[in-house]
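Read through the structure below, which is laid out as structure tokens, and then see the notes.
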Amino acid sequence: MTARALAAAVVAAVALVSLHVDPARAQPADPNARAQAAAHTRQGQAYFGRGDYDRAIAEYQAAFDLSNEPSLLFNVGLCYDRTDRHEQALQAFQRYLELAPGGGVADEPRDDVARLVPVVEKIRAERAVAEARRRGAAAQHQAEARAAAEREQRAAARRTTMSRAFLIGGAAFAVAGGVT
């Protein structure tokens, strides 16, 4: 078991214990909500252990929604990090640190935040460059379409002018021929 997996298991265990032992920490005083949160946490641990991180995220999030236990956000962050969803991982770790800056495992999410900030900044910069390129290509395409439409309008105007000239010239020829 890796150190991060062990840390996740410890955090999940702490969350489970806090859900059962520290009712003041859990926002809903409803024992049923705490029991549901504990069940979601256990299911999240099982999914995490199998590497099914998307389902683990859903279970940990459901447990957090019922209990407001910050350590569950740390677990959510670990799951996002394992699936290379760095922006979501960063948000989860930052949210954990907002809620539990002195939490039992606060050093690890601080390290994760420090590691992920430059990664996320790079992702966002690359996304901005790609979006700028996409916008530039779309603007160029629109400009080319406008230019083609203008060329077609000019060509149509020339055809109309030529048609009128031939019509007028033909009429003049007919009139001239009729006069002679």
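The values are calculated or read from the model by the stated rules, or taken from the named source; none is laboratory data. Quantities reported herein were computed from a predicted structural model and do not represent experimental measurements. Heads up, the Cβs are rebuilt from the backbone with ideal geometry, glycines too, and the neighbour counts pull from every protein chain shown. We work out accessible area using only protein heavy atoms, side chains counted, and drop any ligands, DNA or RNA first. Shrake-Rupley method; radii C 1.70, N 1.55, O 1.52, S 1.80 Å.
Brief remarks follow.
- Unit charges on C-beta of K, R, D, E only; dipole of the range 94-154, Debye: 460 debye
- Taking the convex hull of the alpha carbon positions in the range 108-168 and averaging its projected area over all directions gives 4.1 nm².
- Local electrostatic count at ALA157 - Lys and Arg +1, Asp and Glu -1, tallied over other residues with Cβ under 12 Å: +3
- Mean accessible surface per residue for the range 118-163, computed with a 1.4 Å probe while every protein chain stays in place, in Å²: 84 Å²
- Base-10 log of normalised Debye intensity for the range 63-117 (one unit scatterer per alpha-carbon) at q = 0.12, 0.21, 0.28 Å⁻¹: -0.21, -0.65, -1.10
- Cα gyration tensor category, rounded, prolate or oblate, for the range 68-180 with a/c compared to 1.5: prolate
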